[in-house]
Amino acid sequence: MLAADIGGGSLLIAWQLKGKKVLIIGGGEVAGQRVESILSTDAHITVISLFCNLHEKTQKLISQYPLRTKLLDKMYEHGADSTDLLNYDMVLTALDDFELSKTICHFCREHRIPVNAADIPGLCDFYFGSQIRDGPLQIMISTNGNGPKLANLVKGKIAKALSGQEGAAIKKVGALRVKLRERAPGVGGELGKRRMSWMTKLCKEWTMEELGTLNEENMQMLLDEGWENDKVPSAKALGVKPLSICVPSSNDVVFPGFIGFCVGIACVTTWNWLRR
């Protein structure tokens, strides 16, 4: 049964932008934040702004990543430049001019170009949330455009509850998954179900720290002794020694509820990784 208060939210997705073209109109501090966020996706970024209006962070990122970013040193003029928007897969505005942002958003929506207008939630097709990144692990905290500062506070609490080993564990699980598919190739069917079941059991029985310590030798042993015999050997049986866990200092306040929440997020992330 659906909750009585269902609705009013946004669909949280991981948007693949590798090789796509993203346009950022504006060069201030928010534009710098947008450039930083998009850089991690391996997209190609174009910034439209007068060089003299670039924020220090924006300028630094553009100079650091010349193969991934490009600056068009000019003011954006809708009408003269609007048709150029059609060349991009995503448009972000970071302007103080509300009317111009509104005009750009309406144009993009008419032409089915995903668009985001900084500080104007009602004009956005999507929002930028606070993010925690650790390799392939990505956790996004969104307030659906209502309270970005509160999202940052929640982010800090969640970050304190993580051990710091989750990203390494997911990388190793991904590498093991590739090796397993090479040994037992095929899509779907009983074999696919068996692979998923075995990997799921491994992720449940081994700790994040143990998974993060896997190496080529351990993976080979897991496949030879575990997969081939339809069982999951313990990390101890394979001689795997987990990395030390980062324990928060006495000055840090850790909320027990968030620990369980984050473990759940890590498990869901790993599960989704395995199902691809």
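The values are calculated or read from the model by the stated rules, or taken from the named source; none is laboratory data. Remember, it's a predicted structure, so these values are computed and weren't measured experimentally. Methodologically, a virtual Cβ is constructed for each residue, glycine included, from the backbone with ideal geometry; neighbour enumeration extends over all protein chains shown. Just so you know, the surface numbers come from the protein's heavy atoms only, side chains and all, with ligands and any DNA or RNA stripped out. Shrake-Rupley method; radii C 1.70, N 1.55, O 1.52, S 1.80 Å.
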Mind checking the angle between helix 148-161 and the chain's longest principal axis? C-alpha axes, 0 to 90 degrees, to the nearest 10.
20
Quick check on my link table: of Lys70/Lys102; Lys155/Lys201; Lys172/Lys204, which ones sit more than 26 Å apart, alpha carbon to alpha carbon?
Lys155/Lys201
Asn146-Asp224 FRET efficiency (beta carbon distance; Förster radius 51 Å; 0.05 resolution)
0.45
If one builds a Gaussian network model of the chain from Cα atoms under 10 Å apart, the most fluctuating residue listed among Leu150, Leu86, Leu11 is Leu11
Length gained when the stretch Asp84-Thr103 is fully extended (0.36 nm per residue, less Cα-Cα span):
5.4 nm
So for R0 = 35 Å, FRET eff. of His111-Asn53 from the Cβ-Cβ r, to 0.05, ends up at 0.85
Give the angle, between 0 and 90 degrees and rounded to the nearest 10, that separates the Cα long axis of helix 98-110 from the longest principal axis of the Cα atoms of the chain.
60
Partner lysines whose C-alpha sits under 19 Å from that of Lys149, ignoring same-chain residues fewer than 8 away, are Lys157, Lys160
Just to make sure I understand: if all protein chains stay in place, what is the order of Met75, Met196 by accessible area at 1.4 Å, largest first?
Met75, Met196
Whose amide H sits under 5 Å from the amide H of Lys70, counting only residues 5 or more places off or on another chain, with H placed in the peptide plane?
Ile45, Thr46, Val47
How large is the direction-averaged shadow of the alpha-carbon convex hull of the chain, in nm²?
19.3
Under the definition of Cα pairs under 8 Å and six or more residues apart, what whole-number percent is the relative contact order of the chain?
13
Label points 7 Å out from Cα along the Cβ direction at Arg183 and Ser10: separation in nm?
4.2
So for segment 1-142, using the alpha carbon gyration tensor with a ≥ b ≥ c as root eigenvalues (a/c under 1.5 gives rounded; past that, a/b versus b/c decides prolate or oblate), I'd call it oblate
Can you tell me how segment 96-211 classifies by the Cα gyration tensor, rounded, prolate or oblate, using a/c under 1.5 as the rounded cut?
oblate
What does DSSP give for the chain in terms of the percent of beta bridges that are antiparallel, rounded to the nearest 5?
25
